[in-house]
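A.B. asks: Submitted below is the structure of interest, expressed as structure tokens.
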């Protein structure tokens, strides 16, 4: 791809109202939620909206989308973590949604704190011209990065994944967490508030709160998103999207009506026919994403597709940070170029499996619908195979 | 308030448990756990259980004392701040030194390997306040780590010296495969022996050696996790800890993975 002059991106954004979304997991779906909310509010004027719906979220992808719709005055942009600082500087966004920070592609981003620092510095530099940030209060690194923004709307997303944050991003001391809440069946229902054991960094009080299937708004009213995409993490994404939509001036009921039209954002959670089998496609890019996606894979046979191309991360060691043990007793098909690494992981997890490296072949001959969980590169190939 | 309790998924008792009890201790997963190295603990516990041992996997976090009952202690890779936090907690605890004194095995990967040495250097010259800091290690291995001229990232293949201390050319079972990802370059002192000789990759400091051995303390760079990709090394650790020879454990899926990774990395050469 052409190396884009960052100034060109600034020119393409100029004159538009911009909302951007970043984070490791959930940015495509959350961006779709916000775009759908805005579209609902625009009614017949949807041509005013530009949205990089297919997840092309680097400088070039964003610029290409913007250049195709020069007249759209509202831009809802999924933004790669590495592009956030540039776009804050050049794009003067009105709203910036920061979802979460998780280790991902460690062969390229060996330390996630550096990315957080780039966000923090960009927001500090933007000062009073900077965006209002909608930020996940459950994530210490997000909170630290967002602190320098002129205004932050904190969202308590009821996140339960804590394995990427054990030290304070501000001072390096251990973080403390309240005991997480558990439901009657023992599953985690809330991650528990956190604070630093040494400095003053702590979970900020939230304006929006996820409570089970509902979102509590700043005025105390409770709304039920009733989404058409699965998973508690999508309720969290919807809470962030709702906050962003309201900042853009969208009525909350209209925002939710719009969000309910989102069914398969860039193929995620979509169902397709591949090699004659019915397959639902779930994307999981890192241990945090797998922790969310695997419980959604409820079919008797589950297909897991692994690759180690640049977009997947070339080191597949992360397979050992995913609790595949939960698939014990199910029928698992390991596929993709790194299927054999997964096969060894499954053997040590005590999970019965077949290894079929070819994706199309792995999807052949399933009489009942199968859930497929895939890393980025095989996910895109499966979308193509299924026409999603 | 309490520190997060992680790893509930892997800690516990493995296998039938008719045989002797063997305890594997995974040290500070919350600090040294970002590169999947907990897999080394899963591999050791399972390989013990498959052989009928009563395998117990204990996960210990900073603030809790290291148990004095373990036969194998595992350290993994982590970020700079976590690495400093981990080494200070281990120095305060002292349990790892006691374990080595009574002959237990310490297997340390990447940041864990650096921690086990005499000193290591952290810092990020690209950020303000990121100046180099030299940190005192545990001194369990006669190695010193400083910042290298470039980050070593990629598949690595080395030939294990086994116990003989000489390269073992007999067959592919002595080849160690993994993925290295480290900015520190490690140099061995006179008391440490290299674990292996590099065929593809950087290893300790691009001097042709990889890892270090001091008695029952072994340090190495590769993730993978390295014991999942190299079952012979996993069994060597167990034999060292138990003082007995173990029967082979044929697993066709591991053989297939090794063939695949060796072919892939040799293609890079």
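A.B. asks: Give the percent of DSSP beta bridges with both residues in segment A:270-386 that are antiparallel, rounded to the nearest 5.
C.D. replies: Around 20 percent of the beta bridges assigned by DSSP in segment A:270-386 are antiparallel ones.
A.B. asks: Using a Förster distance of 30 Å, how high is the FRET efficiency between residue A:199 and residue A:251, based on the Cβ-Cβ distance and rounded to 0.05?
C.D. replies: With a Förster radius of 30 Å, E is 0.15.
A.B. asks: Moving on to the next point. Can you tell me the relative contact order of chain A? Whole percent, Cα pairs under 8 Å, sequence separation 6 or more.
C.D. replies: It comes to 15 percent, rounded to a whole number.
A.B. asks: Another question, if that's okay. Based on other C-beta atoms within 10 Å, arrange A:342, A:9 from fewest to most.
C.D. replies: A:9, A:342
A.B. asks: Calculate how steeply helix A:112-126 sits against the longest principal axis of the alpha-carbon atoms of chain A, using the helix alpha-carbon long axis, and give the answer as 0 to 90 degrees to the nearest 10.
C.D. replies: With rounding to tens, the tilt is 20 degrees.
A.B. asks: Let me ask something additional. How far apart, in nm, are two points set 7 Å out from the Cα along the Cα-to-Cβ line at residue A:261 and at residue A:5?
C.D. replies: 3.8 nm
A.B. asks: While we're here: On average over all directions, what projected area in square nanometres does the protein assembly as shown have, based on the convex hull of its Cα atoms?
C.D. replies: Reported value for the Cα convex hull: 28.5 nm².
A.B. asks: Still on this structure: Work out how far the C-alpha atoms of segment A:27-185 reach from end to end along every principal axis, then list the three figures in whole Å, largest first.
C.D. replies: Result for segment A:27-185: principal-axis Cα extents of 50, 41, 34 Å.
A.B. asks: Nearest-5 percent of antiparallel DSSP beta bridges in segment B:12-268?
C.D. replies: About 60 percent, rounded to the nearest 5.
A.B. asks: Sticking with this structure for a sec: Report the label-to-label distance for residue A:69 and residue B:132 in nanometres (one decimal), using points 7 Å from each Cα along the Cα→Cβ vector.
C.D. replies: Each label point is offset 7 Å from its Cα along the Cβ direction, giving 5.1 nm.
A.B. asks: Among B:223, B:97, B:267, A:59, which comes first, second and so on when ranked by fewest other beta-carbon atoms within 10 Å? Mind showing how you got there, number by number?
C.D. replies: Values: B:223 31, B:97 15, B:267 9, A:59 22.
Ordered from fewest to most neighbouring Cβ atoms within 10 Å, B:223, B:97, B:267, A:59 come out as B:267, B:97, A:59, B:223.
A.B. asks: Compute the angle between helix A:232-247 and the longest alpha-carbon principal axis of chain A, please, reported from 0 to 90 degrees and rounded to the nearest 10.
C.D. replies: Tilt relative to chain A: about 20 degrees.
A.B. asks: While we're on this one: What does the highest-first list of A:368-379, A:268-279 look like by mean Cβ count within 10 Å?
C.D. replies: A:368-379, A:268-279
A.B. asks: Right, something else. Remind me, relative contact order of segment A:272-388 in percent, using alpha carbon pairs under 8 angstrom and six or more residues apart?
C.D. replies: This gives 44 percent for segment A:272-388.
A.B. asks: Also, I was wondering about something else. Just to be sure I understand: of the beta bridges DSSP finds with both ends in the protein assembly as shown, what percent are antiparallel, rounded to 5?
C.D. replies: Working: 48 of 107 bridges.
Around 45 percent of the beta bridges assigned by DSSP in the protein assembly as shown are antiparallel ones.
A.B. asks: Taking just the alpha carbons, could you work out the radius of gyration and Dmax for chain A, both in angstroms?
C.D. replies: 20.5, 59
A.B. asks: Using a 10 Å cut-off around each Cβ, can you sort B:110, A:199 from fewest to most neighbouring Cβ atoms?
C.D. replies: Result, fewest neighbours first: A:199, B:110.
A.B. asks: Where in segment A:306-320 does the amide nitrogen come within less than 18 Å of the point 7 Å from the Cα of residue B:263, taken along Cα to Cβ?
C.D. replies: Answer for segment A:306-320: A:306-309.
A.B. asks: How big is the equivalent ellipsoid of segment A:271-388 along its three axes, where each semi-axis is √(5λ) from the Cα gyration tensor, reported in whole Å from largest to smallest?
C.D. replies: Details: eigenvalues 73, 53, 32 Å².
Computed over segment A:271-388, the values are 19, 16, 13 Å.
A.B. asks: When Rg is the radius of gyration of the Cα atoms in chain B and Rh is its Kirkwood radius, what does Rg/Rh come to? Mind showing how you got there, number by number?
C.D. replies: On the way: Rg = 17.6 Å, Rh = 18.6 Å.
Result: Rg/Rh = 0.95.
A.B. asks: Another one. Just to check, using Stokes-Einstein with a Kirkwood Rh over alpha carbon pairs, what's the diffusion coefficient of segment B:41-128 at 25 °C and 0.890 mPa s in µm²/s? Mind dumping the intermediate values first?
C.D. replies: Working: Rh = 14.4 Å.
For the chosen part, D equals 170 µm²/s.
A.B. asks: For residue B:172 and residue B:255 in the same chain, what is the full-extension length gain: residue separation times 0.36 nm, less their Cα-Cα distance, in nm?
C.D. replies: Length difference between fully extended and current span is 28.8 nm.
A.B. asks: Which whole number gives the average, over all residues in A:168-176, of C-beta atoms from other chains lying within 10 Å of the residue C-beta?
C.D. replies: Rounded to a whole number, the mean comes out at 3.
A.B. asks: In whole Å, largest first, what are the principal axis extents of the Cα atoms in segment A:113-246?
C.D. replies: Principal-axis extents of the Cα atoms in segment A:113-246, largest first: 41, 33, 25 Å.
A.B. asks: Provide a whole-number value for the mean count of partner chain Cβ atoms within 10 Å of the Cβ atoms in peptide A:334-342.
C.D. replies: 3
A.B. asks: Using a Förster distance of 56 angstrom, determine the FRET efficiency expected from the C-beta separation of residue A:48 and residue A:278, and round it to 0.05.
C.D. replies: Once the sixth-power term is evaluated, E becomes 0.90.
A.B. asks: Now, a different point. Sort the following peptides by mean Cβ neighbour count (other Cβ atoms within 10 Å, averaged over residues), highest first: A:324-337, A:40-53, A:126-139. Working shown, then result.
C.D. replies: Details: A:324-337: 19.2, A:40-53: 16.1, A:126-139: 21.9.
The densest-packed peptide leads the list: A:126-139, A:324-337, A:40-53.
A.B. asks: Then there is this: Would you kindly compute the Cα radius of gyration of segment A:344-388 and its largest Cα-Cα separation (Dmax), both in Å?
C.D. replies: Calculated on Cα positions, Rg and Dmax stand at 12.1, 35 Å.
A.B. asks: Return the distance in nm (one decimal) between the two label points of a simple spin-label model at residue A:221 and residue A:309, each offset 7 Å from Cα along Cα→Cβ.
C.D. replies: Between residue A:221 and residue A:309, the simple spin-label model gives 4.5 nm.
A.B. asks: Give me a single rounded figure for B:34-44: the average over its residues of other chain Cβ atoms within 10 Å of their Cβ.
C.D. replies: Details: counts 13, 8, 12, 3, 3, 8, 1, 1, 5, 4, 0.
The shielding value for this peptide is 5.
A.B. asks: Using only Cα atoms, tell me the angle between helix A:376-386 and the longest principal axis of chain A; keep it within 0 to 90° and round to the nearest 10.
C.D. replies: Value to nearest ten degrees: 70.
A.B. asks: Taking Cα pairs under 8 Å and at least six residues apart, what relative contact order does segment B:135-232 come out at, in percent?
C.D. replies: Dividing the mean separation by the residue count of segment B:135-232 yields 32 percent.
A.B. asks: Rounded to the nearest 500, what is chain A's calculated 222 nm mean residue ellipticity when only DSSP H runs of at least 4 contribute -39500 (n - 2.57) each, over all residues?
C.D. replies: Here the helix-only value at 222 nm equals -9000 deg cm²/dmol.
A.B. asks: Mean-square fluctuation check for chain B, GNM, Cα pairs under 10 Å: which of B:112, B:63, B:36 is largest?
C.D. replies: Sorting by GNM fluctuation, first place goes to B:63.
Read-outs throughout are calculated quantities, based only on the coordinates presented, and are distinct from any laboratory measurement. Here the structure is a predicted model, which means the values were calculated and not measured. With ideal geometry, Cβ positions are generated from the backbone for all residues, glycine too; neighbour counts draw on all protein chains shown.
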